[in-house]
Ligand SMILES: Nc1ncnc2c1ncn2[C@@H]1O[C@H](COP(=O)(O)OP(=O)(O)OP(=O)(O)O)[C@@H](O)[C@H]1O
Ligand SMILES: [Mg+2]
């Protein structure tokens with residue numbers, strides 16, 4: 001079975017999909033067969049009579065994965081709300097054991113499978129379970145994507161603290177700028193954050209206008225060697 005990595009974030013909209021897509025592209029460029037999964041996606045638009053998960057589609061394309069979209073995203077939900085809320089509205093019960101089974105299948109087909117969570121670690125998936133329970137079930141390390149704007153020290157340290165308390169293995173943190181480059185005060189703030197991180201800082205992704213980038217010029221923004229070494233990838 002191949003390895004897995006769970007991409008979580010301090011919040012929704014911090015750039016989990018963007019960073020996971022960048023990572024998938026960089027790994028693929030090294031000849032690594034990358035699988036992707038977005039087990040639960042909410043806010044999916046209707047296309048040709050079915051709900052189309054946009055994050056899952058983006059990740060599939062970045063990874064060059066041939067797996068069917070409904071295996072990559074088994075729970076595509078319409079309501080743009082937390083998974084439990086959107087599932088209840090659709091009359092669907094999210095089953096963590098089934099997600100774990102689908103993950104196993106996918107990870108058997110690929111060397112490394114990136115799994116993107118919805119929102120952050122405490123987002124509920126069922127009445128009894130949240131995203132933290134899912135990570136525990138999948139038994140894979142987490143990569144925490146966080147934003148560079150003000151407020152990030154508290155959000156990032158809380159996320160890392162919670163992950164450690166729940167005995168999740170944290171691979172590292174990636175700082176991302178989804179809305180614009182940090183101003184000087186935010187830059188100073190990031191130094192204070194970096195000094196307090198209980199886990200390696202594995203990347204610093206700049207703001208890319210229109211979210212477009214040239215792969216050959218972004219290699220230094222993500223420590224892929226460090227990430228693979230921590231994953232125990234040969
Ligand atoms: N470094 C960046 N430069 C420019 N745009 C970015 C960057 N990172 C993210 N974005 C943009 O910000 C928006 C939010 O990013 P993204 O969808 O990856 O967040 P997310 O954490 O996956 O959100 P969700 O919780 O909805 O899954 C997207 O439109 C994305 O293209
Ligand atoms: Mg996303």
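Table for the structure above
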| item | result |
| --- | --- |
| Test: residue in the stretch 205-219 that is in a helix (DSSP H, G or I) and in contact with a strand residue (DSSP E or B) (Cβ under 6 Å, 6 or more places away or on another chain) | no |
| Some residue of the stretch 86-109 being within 27 Å of residue 150 (Cα to Cα) and buried (at least 21 other Cβ atoms within 10 Å of the Cβ) | no |
| The stretch 12-51, residues that are within 22 Å of residue 103 (Cα to Cα) and more than 16 Å from ligand 2 (Cβ to nearest atom) | 26, 27, 28, 31, 32, 33, 34, 35 |
| Residue satisfying condition, being crowded, with 18+ Cβ neighbours inside 10 Å and under 14 Å from residue 111 (Cα atoms), within set 15, 4 | 4 |
| Contacts under 7 angstrom Cβ, first residue in the stretch 163-188 being in contact (Cβ under 8 Å) with a residue 40 or more places away in the chain, partner away from ligand 1 (no atom under 16 Å from the Cβ) and not in a helix (DSSP H, G or I), 6 or more apart | 163/170; 171/141; 172/199; 172/200 |
| The lone exception for residue 211 - which of (1) under 18 Å from the mean Cα position of the chain (by Cα); (2) on the phi < 0 side of the Ramachandran plot; (3) touching a residue at least 60 places away in the same chain (Cβ under 8 Å) it fails | (2) |
| Subset tally (residues that are away from ligand 2 (no atom under 16 Å from the Cβ) and under 16 Å from the mean Cα position of the chain (by Cα)) for the stretch 138-154 | 4 |
| Residues located in the stretch 178-207, provided they are within 16 Å of ligand 2 (Cβ to nearest atom) and out of contact with any helix residue (DSSP H, G or I) (no Cβ under 8 Å at 6 or more places or on another chain) | 179 |
| Among the candidates 124, 83, residue that is touching a helix residue (DSSP H, G or I) at 6+ places or on another chain (Cβ under 6 Å), crowded, with 16+ Cβ neighbours inside 10 Å and closer than 18 Å to residue 42 by Cβ | 124 |
| Residue 67 being closer than 21 Å to residue 24 by Cβ, surrounded by fewer than 20 Cβ atoms within 10 Å (Cβ to Cβ) and at pLDDT 95 or above | yes |
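The values are calculated or read from the model by the stated rules, or taken from the named source; none is laboratory data. These figures come from a predicted structure and were not determined experimentally. Neighbour counts run over all protein chains shown; Cβ positions are idealised from the backbone, glycine included.
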